[in-house]
Structure formats: C-alpha cells, structure tokens
C-alpha cells in the first residue's frame, strides 16, 4: 500500500471542491493544482468573479482551522479586491476510512470532512 503524496492529497481535495463548484453553477476560468499557488480556482457565477483557495488536510489536521493559512488567505483576499472578486477557503479533511492513525492510501477508502466554501 502506498500513501498518497501531499500533491495527490491536494489533487483529491481539488476534485471534491471542483465537483461542488460545478454542481453549484460556477464556470471555471482557470484551475491551478500546484500546492502553494493560489487561488486554485478562478470562477464566474452570475457574472461575478470568485477566487477559491483549496487546502487538502490529512488527519489529524483540522480543515476548519484557517489560522495556519491566514497569511495566504489575506494575501488572496487583497488580490481579489483588485478584481472585485469574492474569495473563499475550501478546507478538505481526508482520513483513512479503516484506521484514522494510518495515512490515506492510493485506491483505498477514505472519509471526507468538508463543509463547503467559507467566504474570506
């Protein structure tokens, strides 16, 4: 069994958020899947621009805790203001479904802790 890399966890989180954005009627203008490059999604909805910062967080990390990412989020919010865009944080917690003490493995079941977009 091979644990997911940090980039693979990030990509999984992006897929989860991307599906939600699509279902909610957001139109993708650009997508950036590189870790540390924000925002991950630049979208349009009802002719309004939206920036979405996605963070994939392995257990025991808390996807609701934005303190760790506050500098990134504030920079993104300042950047978004220049474009009259709304900024969101999408923290996606991922944990091994069989044993919380194990990492998330490739092709194994996992549990998602995601409460949707949080406006910054």
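The values are calculated or read from the model by the stated rules, or taken from the named source; none is laboratory data. Worth saying up front: this structure is predicted, and the values here are computed from it rather than measured. Glycine gets a Cβ as well: all are built from the backbone with ideal geometry, and neighbour counts include every protein chain shown.
Out of all the residues in region 78-102, which are over 22 Å from residue 20 (Cβ atoms) and buried (at least 18 other Cβ atoms within 10 Å of the Cβ)?
Scanning region 78-102 gives a single hit, 96.
Are any residues in region 30-44 part of a loop (DSSP other than H, G, I, E, B) and touching a strand residue (DSSP E or B) at 6+ places or on another chain (Cβ under 6 Å), and if so, which ones?
Result: 38, 39, 40.
Between 34, 75, which is surrounded by fewer than 20 Cβ atoms within 10 Å (Cβ to Cβ) and either closer than 18 Å to residue 18 by Cβ or under 15 Å from the mean Cα position of the chain (by Cα) (or both)?
34
Report yes if some residue within region 9-23 is on the phi < 0 side of the Ramachandran plot, touching a strand residue (DSSP E or B) at 6+ places or on another chain (Cβ under 7 Å) and at pLDDT below 95; otherwise report no.
no
For residue 111, state whether it is at pLDDT below 95 and within 17 Å of the chain's Cα centre (by Cα).
When the stated conditions are applied, residue 111 does not pass them.
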